[in-house]
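Below is one structure; the comments refer to it alone.
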Amino acid sequence: MSDLNILSEQTVDMPDAPYQARHFIDGEFAQSADGQKSDRVSPSHGVVVSQAALGSNVETEAAIRSARAAFDDGRWSRLPAKDRAAILNRIADLIEANVERLAVIETLESGKPISQARGECGGAADLWRYAASLARTVHGDSHNALGDDMMGVVLKEPIGVVSIITPWNFPFWILSQKLPFALAAGCTCVVKPSEVTPSTTAMLGEFLQEAGLPAGVCNIVLGYGNPVGSLMTTHEDVDMVTFTGSTAVGKLITKSAGETLKKVALELGGKNPQVIFPDADLEQAADAVTFGIYFNVGQCCNSSSRVIVHEDVADAFVARVVALSRKVVFGNPMNSDTQVGAIVTTDHQAKIDGYVRQAVAAGAEVCLGGHIMSVPGLGTQFYEPTVVRGVTPDMAIVREEVFGPVLTVLTFKTLDEAIALANDSTYGLSAGVWSENIHTCLEFCRRVQAGTVWTNTWMDGFPELTFGGMKQSGQGREIGKYGFEEFLEVKSLVMRIGRKRAPWVRTA
């Protein structure tokens, strides 16, 4: 579309050669025993930007064995918390020192804009520092009123070996929502990044080594879900699995992990509503909706892909969003001014387009976009900013996670109707409400089924505030104190004081 803001110019240099991503097992980097590798072709530039080792059962078994030994001998789990925190802080320093290197490879592998990648990789350091601060806060409870001959203590201990499986859309950020908190708790870990975006996770291995993390405490295995991820979720020496990705895969992991009754924490999909009341600041709300749908090309579990707007302001509001959408800078991710980059794969691009075409066939109206987009010199692995009206709650484009730059618009008349529409979903990750009336906002927040609710803003977050979903958006929590406690096991210690226990066996 000629009236879109498309940028093809490049301002950041490409690497001279593909990055070589290797496994990190027992403190050492290694290629796969069989020599297998996979190439990652940049979705935006069409060239090989990384080559990653492809793991098998051999590497996965070695990584789990290393993590198990490192946990059981106490080299990390029994280390004083202040020493664990010191290492996590050194890792944070190394992350900050390598932000540009991380951002360039993440941009090329994922297609996200370089400015966004810099913000995520640099911001991840704060997650590591916050986790380091939590390492020194672990404590349980004492019970001194059980009788004059009894005392009870509740201890919190690291759960053990944790398998961490991360997605392609925020590879370094989501890894940093999990790994430092597990390490802070005293756990040892085996990490598998997506085979689509493996390199920043592999780079982290360098920082772990340089910071002095003991060998075996964190192991990284690259490769596909089968066999690497499958073994990580079923192996009897793994105590917990934490996964971020699709709800369908999350359900499979829950089933497979259930064979050994592992703890499972899941952060899954979302179909997140922003509800716009007529008294809202429509300019602020329209900007937030525009940001919420196009951030990371809509390839985001927190994407606000459903806007539910009061019918009195619907026409004006949609017009604002369409006008703003035309001004968003789509195009070359290696330009610092670009706001929206490429779609991760051609298969995913076809899936996005299919949702739009199906909605149109069912009677929906495309107000903007709705087509695959080309960027001069970079090809066609992009998708137009898209706004769709005239949808009904039963349409797939409204109910399912499109995971692209596609906004659907529903309307409502009353607060009850708005809340019913917001809750009419199998997902419950996030929601937003826009109103100048605090009573409206509070009632919405209390009644909406979502793990995070924003009022008059969207997608603001802090390491201190936990994150996770309700319903089929997952189980368990990440970051914050509650996310940290996911990696702790509770143990009760019951002590009798003195020789006062009454005999059970009658001897007389």
**Fill in**
HN-Hα couplings for region 53-63 via Karplus (6.51, -1.76, 1.60; θ = phi - 60°), in whole Hz with x for Gly/Pro, come out as 4, 9, x, 10, 4, 4, 5, 5, 4, 5, 5
**Fill in**
So, with points 7 Å from each Cα along the Cβ direction, the residue 11-residue 316 label distance in nm works out to 3.6 nm
**Request:** Can you give me the three principal axis dimensions of region 316-439 from its C-alpha atoms, in Å, biggest first?
**Result:** 50, 32, 27
**Request:** Enter the angle in degrees (range 0 to 90, nearest 10) between the Cα long axis of helix 99-110 and the first principal axis of the Cα atoms of the chain, meaning the one along which they spread out most.
**Result:** 60 degrees
**Message:** I need the semi-axes of the equivalent ellipsoid of region 388-508: take the C-alpha gyration tensor, multiply each eigenvalue by 5, square-root it, list largest first in whole angstrom.
**Reply:** 48, 17, 16
**Complete:** Note on region 1-111: alpha-carbon gyration tensor, axes a ≥ b ≥ c; rule is a/c under 1.5 for rounded, else prolate if a/b larger than b/c, else oblate; result oblate
**Request:** Please report how far the C-alpha centroid of region 1-73 lies from that of region 399-420, rounded to the nearest whole angstrom.
**Result:** 37 Å
**Asked** What is the Cα centroid distance between region 287-343 and region 92-109, reported in whole angstrom?
**Response** 26 Å
**Prompt:** In degrees, nearest 10, range 0 to 90: what is the angle between the Cα axis of helix 247-257 and the longest Cα principal axis of the chain?
**Reply:** 20 degrees
**Prompt:** Once amide H atoms are built 1.01 Å from N in the peptide plane, which residues 5 or more positions from residue 309, or in another chain, come under 5 Å H to H?
**Reply:** 276, 410, 411, 412
**Prompt:** Hey, what angle do you get for helix 81-97 against the long axis of the chain, alpha-carbon based, 0 to 90 degrees rounded to 10?
**Reply:** 30 degrees
**Asked** With Cβ to Cβ distances under 15 Å as the rule, what net charge do the other residues near residue 47 carry (K, R +1; D, E -1)?
**Response** -3
**Request:** Write down the percent of antiparallel bridges among all DSSP beta bridges whose residues are both part of region 127-258, to the nearest 5.
**Result:** 20 percent
**Request:** Treat every Asp and Glu Cβ in region 414-508 as -1 and every Lys and Arg Cβ as +1, leave all other atoms uncharged, and give the resulting dipole magnitude about the Cα centre to the nearest 20 debye.
**Result:** 1420 debye
**Complete:** Karplus-derived 3J(HN,Hα) from phi for region 348-365 (6.51 cos²θ - 1.76 cosθ + 1.60, θ = phi - 60°), whole Hz, x at Gly and Pro, runs 5, 4, 5, 5, 4, 4, x, 4, 5, 4, 5, 5, 4, 4, 8, x, 6, 10
**Request:** Among 277, 289, 266, flag the residue with its Cα farthest along the positive direction of the charge dipole of region 243-399, charges on Cβ as +1 for Lys/Arg and -1 for Asp/Glu.
**Result:** 266
**Request:** Add +1 for every Lys or Arg and -1 for every Asp or Glu among the other residues with Cβ under 10 Å from the Cβ of residue 437, and state the total.
**Result:** -3
**Request:** Give me the net charge of residue 137's neighbourhood, meaning all other residues with Cβ under 13 Å from the Cβ of residue 137; Lys, Arg count +1, Asp, Glu -1.
**Result:** +3
**Reachable lysines from residue 413, criterion Cα separation under 23 angstrom, eight or more residues apart if same chain** = 271
**Prompt:** Here are some values of semi-axes √(5λ) of the Cα gyration tensor in Å: (i) 38, 24, 21; (ii) 36, 30, 21; (iii) 42, 30, 19. Which one was computed from this structure?
**Reply:** (iii)
**Asked** Considering the Cα trace of region 191-295, what is its radius of gyration and what is Dmax, both in angstroms?
**Response** 19.3, 58
**Asked** Given H placed on each backbone N at 1.01 Å, which residues far from residue 382 in sequence or on other chains put an amide H within less than 5 Å of it?
**Response** 343, 373
**Complete:** If unit charges are put on Cβ atoms (+1 for Lys and Arg, -1 for Asp and Glu) and the dipole of region 407-508 is taken about its Cα centre, the option from 407, 453, 507 lying farthest towards the positive end turns out to be 507
**Prompt:** Which whole-Hz ³J(HN,Hα) couplings does region 294-305 yield from phi under the Karplus relation 6.51 cos²θ - 1.76 cosθ + 1.60, θ = phi - 60°, glycine and proline marked x?
**Reply:** 9, 4, 6, 6, x, 8, 8, 5, 8, 4, 8, 7
**Given charges at beta-carbon only (K, R positive; D, E negative), |dipole| of the chain in Debye** = 1760 debye
**Fill in**
Flagged as over-length at 22 Å C-alpha distance, from 156/263; 192/262; 37/351; 37/251, the pairs are 37/351; 37/251
**Fill in**
Per-residue accessible area, 1.4 Å probe, largest first, puts 507, 197, 260 in the order 507, 260, 197
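The values are calculated or read from the model by the stated rules, or taken from the named source; none is laboratory data. On a predicted model such as this, the values are computed, not experimentally measured, just so you know. Every residue, glycine as well, gets a Cβ built from its backbone with ideal geometry; the counts of neighbours run over all protein chains shown. The protein model used for the area step is the full one, side chains on, heavy atoms only, and it has no ligands, DNA or RNA in it. Shrake-Rupley method; radii C 1.70, N 1.55, O 1.52, S 1.80 Å.
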